[in-house]
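Data block below; observations after.
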Amino acid sequence: MFMGMAVVSLVFLGSVWAGENKAMVKDFKRQNPTLFVMAVMVASYFLMSLFDGVMVFIFGITFPLLLIFAHASFRLRNMKNKLENKMEGAGLKKSPIGILLDALGQQEESLQKIQEFLEGKLKEG
């Protein structure tokens, strides 16, 4: 379990460093943010397979991340949450998941498009 956390953390930190210091990686990260995240996950998977701990990676790292993203997308929208979202949008406050997504190069606009799409589908149904 700790090996999986260490490998994923090192790959993540390496990708953030490369995204900040290498122009080619920075351009790729800006143009293809989803592919960049997938590349980080594939690199983590490859390194964990070298240590023969793929199941540790899947259930120890990826599954909790899946639960975090599911929780964030299904939480209720109330006035306090809307106020906090406005504060985050103005740059006055930064949530931990916002810091993580910024480090991965996921722009808020693309995530908002997904959110609006899902909210539209929920209102239809």
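The values are calculated or read from the model by the stated rules, or taken from the named source; none is laboratory data. Here the structure is a predicted model, which is why all the values come from computation and not from measurement. Note that we place each Cβ from the backbone using ideal geometry, even for glycine, and neighbour counts take in every protein chain shown.
Residue-by-condition table, conditions (1) part of a helix (DSSP H, G or I); (2) within 26 Å of Met3 (Cβ to Cβ); (3) at pLDDT below 75:
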| position | (1), (2), (3) |
| --- | --- |
| Gly19 | yes, yes, no |
| Phe28 | yes, no, no |
| Phe36 | yes, yes, no |
| Glu88 | yes, no, yes |
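Residues that are modelled with pLDDT under 70 and either under 14 Å from Met41 (Cβ atoms) or of a type in the set (Phe, Trp, Tyr) (or both) within the stretch 52-67 comprise Val54, Phe57, Ile58, Phe59, listed in sequence order.
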